[in-house]
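This report refers to the structure that appears directly beneath it.
The values are calculated or read from the model by the stated rules, or taken from the named source; none is laboratory data. Bear in mind that the values here come from a model prediction, so they are computed numbers and not experimental data. Methodologically, a virtual Cβ is constructed for each residue, glycine included, from the backbone with ideal geometry; neighbour enumeration extends over all protein chains shown. Calculation scope for accessible area: heavy atoms of the full protein, side chains included, ligands and nucleic acids excluded. Shrake-Rupley method; radii C 1.70, N 1.55, O 1.52, S 1.80 Å.
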Amino acid sequence: MEYDVFARIDRGERLMCIGSVTAPTDNLARFYAKHVYDEENWVELCVVARQHICWERLPKGLYEKEEVGV
Amino acid sequence: MGHQLGFPLFLELAESIADNKFVLGDRLVEVGFSGPTLEAALSAIAMAQGELGHARTLYNWTSKLQGKPIRDVRSQTGKALNSLVKIDNWLELIASLYTVNIAHDLLLNSVLKARPDEAAASIRKLVEEQKEHMVYSREWVQQLLQDEGAIPGKFLQALSQVRGEVTDWLREIDCTHELVEVNYLKDTGLEEKFNKEVNLCLGEQGAASHVG
């Protein structure tokens, strides 16, 4: 399962999407996020399963088109 | 801690844990580097740093208890479990990390309960960090058991081997009554607790893999 990793570098700063991890469970995703994205001493760090994100708008077909013939 | 009955046995126990952690740290780097995913490999390297740090903390603690100068840690003292030294692939690494971490958790918590004031400064943080390693290995155990083809069977084989050695080690400690009598350890029945924990994680496959 794909998880997006979100982090806040300091109190009052914005929450940023800093990357993603692939893991079979939430616990392992949290563990991976902590150890893969350890370049900063984040004040907050969380993972969100990509399938649980409710998208309001997405570019349709953009990436599929680029991958044709690859 | 004073030099009393059971002190040499306690030192041997602490050095055994330190040796196991030293070897695990080494294997996490050597074998974990080729983990099945990038995330798993990076996490293994992070855990290696943790295990090597724990080993150093325990070596320093035993030196301090004996009133000796802190030694430069370049190798284990020869008390590490044989299965750990032989770790050569990911399945053996996870099986060892899982079982040995449970045993270390039982032992170090028992030391903390027996001598909270003396042991807290040296090992409380270590015990907390170790819990995280246990989450990682438990999750990987589940993943390997649910994998396809020959992997679950081969993993159970690797687990059975290291589990047998850990069980023997804990049984030997259970039989060393001086450690509990002079309050170096609080608990007895470590072998039983260990097997209960492993069986709980393995479910039905647990009984089949038990050789202890």
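Pairing chain B with chain A buries about 1100 Å² of accessible area. This figure sums both sides and uses a 1.4 Å probe. A straight line joining the Cα centroids of region B:1-69 and region A:41-55 runs 33 Å. Taking Cα atoms only, the orientation of helix B:90-114 departs from the longest principal axis of chain B by about 30 degrees. Across the protein assembly as shown, counting alpha-carbon atoms alone, Rg and Dmax equal 21.5, 76 Å. Any idea what angle helix B:190-202 forms with the longest principal axis of chain B, computed on alpha-carbon atoms, 0 to 90 degrees, nearest 10? So the inclination is approximately 20 degrees. Within the full protein context, the accessible area of B:V29 is estimated at about 60 Å² for a probe radius of 1.4 Å.
Please compute the per residue accessible area over the protein assembly as shown with all protein chains in place, 1.4 Å probe, rounded to a whole number of Å². Normalised by residue count, the accessible surface of the protein assembly as shown is 54 Å².
Sorting B:V85, B:V127 by accessible area puts them as B:V85, B:V127; the probe is 1.4 Å, largest comes first, and only protein heavy atoms count.
Considering the zone a paramagnetic label at B:I151 would reach in this model (a point 7 Å from Cα along the Cα-to-Cβ line), which residues of region B:81-98 have amide N under 16 Å from it? Once the point is set 7 Å along Cα→Cβ of B:I151, B:89-95 turn out to lie under 16 Å by backbone N, inside region B:81-98. Rolling a 1.4 Å probe over the protein heavy atoms leaves B:W169 with an accessible area of roughly 30 Å².
Protection proxy ranking, highest mean first, for peptides B:11-21, B:33-43: B:11-21, B:33-43, where packing is the per-residue count of other beta-carbon atoms within 10 Å, averaged.
From a point 7 Å beyond the Cα of B:K64 in the direction of its Cβ, which residues of region B:101-119 have a backbone N at a distance under 11 Å? Hits in region B:101-119 for B:K64 at 11 Å: B:118-119.
Can you sort B:H177, A:H35 by solvent-accessible area, 1.4 Å probe, largest first?
B:H177, A:H35
How big is the equivalent ellipsoid of chain B along its three axes, where each semi-axis is √(5λ) from the Cα gyration tensor, reported in whole Å from largest to smallest?
They are 29, 20, 14 Å, listed largest first.
May I ask you to list the lysines whose Cα is less than 29 Å away from that of B:K154, ignoring any residue fewer than eight positions away on the same chain? Once the sequence-local lysines are set aside, what remains near B:K154 is B:K21, B:K79, B:K86, B:K131, B:K193, B:K196. For region A:2-67, the orientation-averaged shadow of the C-alpha convex hull comes to 5.8 nm² (one quarter of the hull surface). Gyration tensor over the Cα atoms of region B:87-188: the corresponding equivalent ellipsoid has semi-axes (square roots of 5 times the eigenvalues, largest first) of 30, 16, 8 Å.
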